[in-house]
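Q: Please find one structure pasted underneath; my questions will follow.
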Amino acid sequence: MSLPKFNILKSTCIPLPVENVDTDQIIPARFLKATSREGFGENLFRDWRYNKDQSPNTEFVLNNSTYSGSILVAGMNFGSGSSREHAAWALFDYGFRAVVSSFFADIFKNNALNNGLLPVQVSEAFLEKVLKAVQGHPETEVRIDLPQQLITLPDGSSEAFEINAYKKSCLLNGFDDIDFLLSKKDKIKEYELKTAMLYET
Amino acid sequence: MEPKTLFDKIWDRHVVESIEGGPDILYIDRHYIHEVTSPQAFTGLEKRGVQLMHPEKTVATADHNIPTKGQHLPIQEALSRVQVKTLTENCERHGVTLYGLNHPYNGIVHVIGTELGMSLPGMTMVCGDSHTSTHGAFGTIAFGIGTSEVEMVFASQCVLQPKPKKMRITIDGKLQKGVTSKDIILYVIAQISASGATGYFVEFAGEAIRALSMEARMTVCNMSIEMGARGGMIAPDEVTFAYLKGREFAPKGKEWDTALEQWKQLKTDEDAVFDKELAFSAQDIGPMITYGTNPGMGIAVDGNIPQLDSVPEKAQASFKKSLQYMDFEAGSALMGRPVDYVFLGSCTNGRIEDLRSFAAVVRGKQKAPNVTAWIVPGSQQVAKQAIAEGLDKILEEAGFELREPGCSACLAMNEDKIPEGKYAVSTSNRNFEGRQGPGARTMLASPLTAAAAAVTGKITNPAELV
Ligand code: SF4
């Protein structure tokens, strides 16, 4: 199976300047009962997006037609909490391809990368700049260049971001980890033989 | 030889291969799964036409979705029923051992793995669940993974992981009366914030940690994820060995002796270097409670919520949003505030010692009339033990009822949801908005503080009752 490829993304952004957005907010637990990967976008940010009577909460940014695009710009420590990969599925299913924040929780970052959703970690100063640009001019297009590992605003200001070389090549080529691990099966078997395992289960 | 940390010792011997500029291929000794994060992994595997590499290294339970009353009946809620049934079918088809609903070993994944002696020092362990960090209490590298990674373990018994940085948190001194291991971890998270250990794997050390029972240690490691850590661990010692001896799946006879010899090597060398070291004093820790919507927002139960201007400016918006959700005022006290719900349970505090300490507080008293209490054992075995010790009777006499095991109101995927706007003192691990039900207001605390609230009907310092 392959991963959706990622190369250069140019898009308008949706600003969510909230810190510590946890995966319970991204996709509440009661929507985790599906046994397939599809359709989670519908319930993305469910309890922020809808009022108690299930009408759309017009104050929430996803219901604000001023903003659109496939880049989410969020406050620090995005994706903390539960390991649910459903959070990455929901963001991707909704249409996001990248999330920009000044800090990502570890498990979320892995989950996002495993689903073709690029977490772009920038400095706090740059995050503020992006938020300001987007909030001031919703038509602002941000360019995320994976080969160059660069995020650029229309005024030309840019910042480099980190990604490990292995994950980068997976995303550029649409390879997935499981195919990679399956190609390493002989190595793994060799390891099993070589290592006097502490415990036989 | 270069001095090594406990973490390095275990990690390094599980690396199959290090990828240039990338993660390590890490071999996994033990894999736990449950109904919520495994179905898509099984489907993925089947689509690839691949078999589980080692079905015998994976163990399954149903815990997240299941009701805590009437477990002998079919699950009422259709989607939960399908998810549990899907787990059962997947396990049958792929030869995975399942401790499903009504099995005597059924329970919350992080409660059963440890009580059955399946989590052993020196192991690498994963589960599609962030609180896998619990098992680190045994001196293991245990961490939560996503569903794609569950599929990786199925297919290759390995995951791809960049090696995290290492942190040691030392707690010296002795705990005061009414203060538990839950208070230690809530205190540490309040000190370093909900993201204070992101990117790190944490070893807990020091006199106060050594003095804890195995179950209390599990509570500490359980919540290490709540400060962003990849996992937490505690070096195994006599307490660990005594706990494991004789457990169902722990090694026996000669194998035990061999294992014990190896386990005794599992500690951080004296001069080993951590990327970060923190130290706290146990005397400074009081019974803790959270007032906000992330686990880092904790205070001493008799303290005040911080004033707005004491919060860093850029965090003020989130702080205000949090207090608005909780309907609390900055600077105000929590003591004496009425409580609507009390939840004792979860993989953090749903073990027998937790039930014992709750029962000790409520014994001879009465549940406050304004409180609805849910007492949920972490597993069938915990429930059985509680009944054998007569804890159910003590609870009943005080107006409480022992329910059937499961995750329950910890994440409210089943019927156990705290209603909107209601205040719950909960022994679980997350106080996120809506975590215990849409609009629910969660205050995290220890079983003692929960018990104190349950009998007084308001936030109470448990030191007054124990
Ligand atoms: S008790 Fe709560 S935290 Fe623990 S496994 Fe269940 S849902 Fe997760």
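Q: Taking each residue of B:153-165 in turn, how many C-beta atoms of other protein chains fall within 10 Å of its C-beta, and what is the average?
A: 4
Q: What ranking, highest mean first, results for peptides B:238-251, B:108-121 when packing means the other Cβ atoms within 10 Å averaged over each residue?
A: Answer by packing, highest mean first, reads B:108-121, B:238-251.
Q: Additional query: Straight-line reach from residue B:165: which aspartates and glutamates fall under 16 Å, measuring Cα to Cα and dropping same-chain residues less than 8 apart?
A: A:106, B:8, B:12, B:24, B:203, B:275, B:277
Q: Keeping every protein chain present and rolling a 1.4 Å probe, give me the accessible area per residue for chain A in Å².
A: 42 Å²
Q: Tell me, what ³J(HN,Hα) does each residue in segment B:157-169 have, in order and in whole Hz, if you take phi through Karplus 6.51 cos²θ - 1.76 cosθ + 1.60 with θ = phi - 60° and put x for Gly and Pro?
A: 6, 9, 10, 9, 9, x, 6, x, 7, 10, 10, 10, 10
Q: Please enumerate, by chain and number, the aspartates and glutamates with C-alpha under 16 Å from the C-alpha of residue B:254, excluding those fewer than 8 residues away in the same chain.
A: The reachable aspartates and glutamates, counting only those whose Cα sits under 16 Å from residue B:254, are A:200.
Q: Keeping every protein chain present and rolling a 1.4 Å probe, give me the accessible area per residue for segment B:1-286 in Å².
A: 33 Å²
Q: Looking only at other chains, what is the average number of their beta-carbon atoms within 10 angstrom of each beta-carbon in A:71-80?
A: Counting other chains' Cβ atoms within 10 Å and averaging over A:71-80 gives 3.
Q: Using θ = phi - 60° and the Karplus curve 6.51 cos²θ - 1.76 cosθ + 1.60, what whole-Hz ³J(HN,Hα) does each residue of segment B:443-453 get, with Gly and Pro shown as x?
A: Using θ = phi - 60°, the values come out as 10, 7, 7, 7, x, 5, 5, 5, 5, 4, 5 Hz.
Q: Could you report segment B:290-464's accessible area per residue, 1.4 Å probe, as an integer in Å²?
A: 35 Å²
Q: Something else about it: So how many Å³ per residue does the convex hull of the Cα atoms of chain B work out to?
A: 149 Å³
Q: Further question: Taking a cut-off of 37 Å, what percent of all Cα-Cα pairs in the protein assembly as shown are separated by more than that?
A: 32 percent
Q: Now for a separate question. Sorting check: for B:253-260, A:136-143, which peptide has the highest mean count of neighbouring beta carbons within 10 Å, and how do the rest follow?
A: Order by mean packing, descending: A:136-143, B:253-260.
Q: Let me ask you something else. How large is ³J(HN,Hα), in whole Hz, for each residue of segment B:20-32 in order, when computed from phi with the Karplus curve 6.51 cos²θ - 1.76 cosθ + 1.60 and θ = phi - 60°, using x for Gly and Pro?
A: Ordered by residue, 3J(HN,Hα) equals 3, x, x, x, 8, 8, 9, 7, 10, 7, 9, 10, 9 Hz.
Q: Another question, then. Select from segment A:1-28 all residues whose loss of accessible area on going from the chain by itself to the full protein assembly reaches 50 Å² or more (probe 1.4 Å).
A: A:1, A:19, A:24
Q: OK, next. From the Cα trace of segment B:290-464, what convex hull volume per residue do you get, rounded to a whole Å³?
A: Taking only Cα atoms, segment B:290-464 has a hull volume of 97 Å³ per residue.
Q: Ok, one more. As an exercise, identify the chymotrypsin sites (Phe, Trp or Tyr not before Pro) in segment A:17-117 lying in DSSP coil whose Cβ has no more than 16 other Cβ atoms within 10 Å.
A: The qualifying sites are A:60.
Q: Quick one: which residues, 5 or more positions from residue B:434 or on another chain, have an amide H under 5 Å from its amide H? H modelled 1.01 Å from N in the peptide plane, none for Pro or chain starts.
A: Result for residue B:434 returns B:439, B:440.
Q: Excluding ligands, DNA and RNA, what is the accessible area buried between chains B and A, summed over both sides, using a 1.4 Å probe, to the nearest 100 Å²?
A: The buried area between B and A, both sides summed, comes to about 5700 Å².
Q: Using a simple spin-label model with points 7 Å from Cα along the Cα→Cβ vector, what separation in nm is obtained for residue A:59 and residue B:464?
A: 3.6 nm
Q: How crowded by other chains is B:15-28, given as the mean number of beta carbons from other chains within 10 Å of each beta carbon?
A: Whole-number average of other-chain Cβ neighbours for B:15-28 is 4.
Q: Counting only protein heavy atoms, probe 1.4 Å: which residues of segment B:400-434 lose 40 Å² or more of accessible surface in the full assembly compared with their chain by itself?
A: Going by heavy-atom accessible area, the residues of segment B:400-434 that drop by at least 40 Å² are B:413, B:420, B:432, B:433.
Q: May I pose another question? Residue B:388 to residue B:311: extension gain in nm, 0.36 nm per residue of separation minus the Cα-Cα distance?
A: Contour length minus the Cα-Cα distance gives 22.8 nm.
Q: Filter A:167/A:187; A:129/B:314; B:4/B:264; B:365/B:393; A:189/B:57 down to the pairs with a C-alpha to C-alpha distance above 18 Å, please.
A: Exceeds cut-off: A:167/A:187.
Q: Next up: When a/c reaches 1.5 or more, the comparison of a/b and b/c decides; with that in mind, is chain A rounded, prolate or oblate per its Cα gyration tensor?
A: Oblate.
Q: On the accessible surface of segment B:1-286, probed at 1.4 Å, how many percent belong to carbon and sulfur atoms?
A: 51 percent
Q: Under 5 Å between amide hydrogens, which residues at least 5 positions from residue B:77 or on another chain qualify, with H placed 1.01 Å from N in the peptide plane?
A: For residue B:77, whose amide H was placed from the backbone, there are no distant partners under 5 Å.
Q: Okay, moving on. What accessible area, in Å² to the nearest ten, does a 1.4 Å probe give for residue B:422?
A: Surface open to solvent at residue B:422 totals about 80 Å².
The values are calculated or read from the model by the stated rules, or taken from the named source; none is laboratory data. Predicted model only: the values in this text are computed from it and were never measured. Neighbour counts run over all protein chains shown; Cβ positions are idealised from the backbone, glycine included. With ligands, DNA and RNA removed, areas are computed over all heavy atoms of the protein, side chains included. Shrake-Rupley method; radii C 1.70, N 1.55, O 1.52, S 1.80 Å.
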